[in-house]
Amino acid sequence: MKKLLVSIAVVLFLVCAADAAQPKISPDRINTSRPFPSITMDEDANITLDGGWIQNFWVGGEVRTLSYAGVIVTLSPWLIPLAIGASGYGGDDFRVMNAALEYINDSNYTKTWVLYGQNFYPDQVLLIPSKIKIYSHGSTIWPDPTNTTVRDAIIADRYPSEAKDFHDIYIKGLILDGIDKTYVNYCLNLSRAKYCKLDSVSALHAIKDGFLIRDDSWGFVLSDCYTYDNGERGVHFAPGPNFAEYGGPNTAIIRGGRIMADDEHSIFIEAGNDIWISNVDINSAGVGVYCLADSPTIESCYMEALTYGFYWGDGSNRVDNALIRNNHLYSVSNFMASVNQSNTRLEGNFIDGVAIDTFSGWATGTGSEQSIDFPATLYGTPHDVRVWNIETGATSNPVFYTDESWTCINVTAQNGINYRYKVQTSL
């Protein structure tokens with residue numbers, strides 16, 4: 001009885017100590033409407049509770065017993081399902097992180113993984129389940145450099161052939177760093193992740209791609225994400241092993257963020273129609289957007305230091321119905337390589353501050369034909385040419401045509417009457 005009373009006192013002391021420490025913990029880590037976890041342990045186990053952290057291991061959901069570093073801990077249900085803070089080479093981080101992922105995978109209640117401000121070095125691929133939310137507060141996951149085996153990814157699917165729907169996968173604020181393009185092919189490799197979201201996630205230094213999004217990952221969203229110095233591409237929309245049955249990653253979105261200094265292409269749309277790329281800083285690569293699929297939209301992007309802004313199609317893939325709109329390009333050697341495409345609309349794009357798809361101005365009619373040369377920077381061929389009078393007193397409308405070489409517009413307007421012209425090009 002005496003031993004039982006001592007155990008109860010220890011538990012009460014730990015709970016009270018945790019409650020006293022509560023104001024030191026940020027609001028996103030504490031919900032005062034839920035109790036702190038109860039604790040049981042073996043007689044000689046050394047465990048402390050410091051503001052909610054237990055041996056840098058925090059877990060909740062259903063009551064569950066976990067063992068790490070010789071300490072057995074049983075925790076009761078709690079608000080934050082799981083957060084860890086291990087750091088070690090030689091498989092230590094992988095064992096802890098994998099235990100966390102397996103726990104989330106097995107639980108019917110817990111789908112959240114919370115990481116706080118540390119570096120983690122797993123020596124194997126972290127396989128995430130089909131339903132998970134990962135919230136990072138300044139944490140970086142690096143591959144353990146003591147294991148020199150090239151791994152597929154830092155994070156990949158546990159079940160790549162299973163569909164993940166409607167934000168069942170959500171990752172926020174995490175940094176994935178492959179370390180000098182040596183240890184992992186991809187920072188993140190996901191397949192069939194429909195309507196899932198990466199929010200402010202960074203992918204750096206992979207051997208191949210920062211983000212590899214495969215198969216029918218329809219509606220996949222990358223919001224304010226960042227890539228840097230990956231060996232091939234920053235973002236890659238790819239066919240994947242389930243492509244023949246389910247198709248490619250259609251209607252995916254890249255919104256905001258920076259895709260920078262990846263060795264080949266910043267963004268490669270190998271498969272997947274209706275990809276929308278908006279307000280992204282794309283720079284320092286061979287190609288800004290390399291596309292082999294239909295109906296991409298690239299708008300309001302800042303693009304700099306590229307060999308090609310856009311590369312459309314190849315010998316066996318034609319790009320139809322693309323829209324390139326309101327993009328600003330600087331120090332770009334070639335606006336576009338139009339290898340195999342049909343009906344690419346251009347609208348409001350600039351290179352080094354000069355419009356490349358719109359030419360407009362005004363002149364005064366002479367009563368005879370006037371030739372107005374297109375600027376050398378105008379790209380594509382005219383699809384919309386307009387000429388109209390801009391003052392009163394005209395008794396006839398201007399007559400105009402473009403020559404077969406698409407180098408000028410020829411206008412016959414009434415003598416002494418000012419007129420305006422506008423040429424819009426496309427491919």
Just to be sure, is Tyr330 outside any loop (DSSP other than H, G, I, E, B), at negative phi and crowded, with 17+ Cβ neighbours inside 10 Å? no
Test result for Asp263, in a loop (DSSP other than H, G, I, E, B), at pLDDT 95 or above and farther than 21 Å from Pro143 by Cα: no
Looking only at the range 237-256, how many residues end up being buried (at least 20 other Cβ atoms within 10 Å of the Cβ), over 14 Å from Pro160 (Cβ atoms) and without any contact (Cβ under 8 Å) to a residue 40 or more places away in the chain? 3
Only listed residue being among the polar types (S, T, N, Q), within 18 Å of the chain's Cα centre (by Cα) and under 26 Å from Asn250 (Cα atoms), chosen from Ser217, Ser161, Ser130, Ser136: Ser217
Select from the range 277-308 the residues that are among the polar types (S, T, N, Q), outside any strand (DSSP E or B) and under 22 Å from Asn340 (Cβ atoms) and list them in ascending order. Ser295
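This table checks each residue for (1) surrounded by fewer than 20 Cβ atoms within 10 Å (Cβ to Cβ); (2) of a type in the set (Ser, Thr, Tyr).
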| residue | (1), (2) |
| --- | --- |
| Val150 | yes, no |
| Ala153 | no, no |
| Asp168 | yes, no |
| Gly173 | yes, no |
| Tyr183 | no, yes |
| Cys187 | no, no |
| Ala193 | no, no |
| Val201 | no, no |
| Leu204 | no, no |
Would you check if Ile267 is farther than 15 Å from Ile324 by Cα, buried (at least 23 other Cβ atoms within 10 Å of the Cβ), of a type in the set (A, V, I, L, M) and under 15 Å from the mean Cα position of the chain (by Cα)? no
Of all the residues that make up the range 309-327, how many are surrounded by fewer than 20 Cβ atoms within 10 Å (Cβ to Cβ) and either assigned to a loop (DSSP other than H, G, I, E, B) or in contact with a helix residue (DSSP H, G or I) (Cβ under 6 Å, 6 or more places away or on another chain) (or both)? 7
The range 239-258 - residue that is under 14 Å from the mean Cα position of the chain (by Cα) and small (Gly, Ala, Ser) and, of those, modelled with the lowest pLDDT: Ala252
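Residue-by-condition table, conditions (1) surrounded by fewer than 16 Cβ atoms within 10 Å (Cβ to Cβ); (2) at positive phi; (3) aromatic (Phe, Trp, Tyr); (4) not in a loop (DSSP other than H, G, I, E, B):
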| site | (1), (2), (3), (4) |
| --- | --- |
| Leu346 | no, no, no, yes |
| Thr366 | yes, no, no, no |
| Gln370 | no, no, no, yes |
| Pro375 | yes, no, no, no |
| Tyr379 | no, no, yes, no |
| His383 | yes, no, no, yes |
| Arg386 | yes, no, no, yes |
| Ser396 | yes, no, no, no |
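The values are calculated or read from the model by the stated rules, or taken from the named source; none is laboratory data. Predicted, not measured: the structure shown is a model, and the values here were computed from it. A quick note on method: Cβ atoms are made from the backbone with ideal geometry, for glycine too, and the neighbour counts reach across all protein chains shown.
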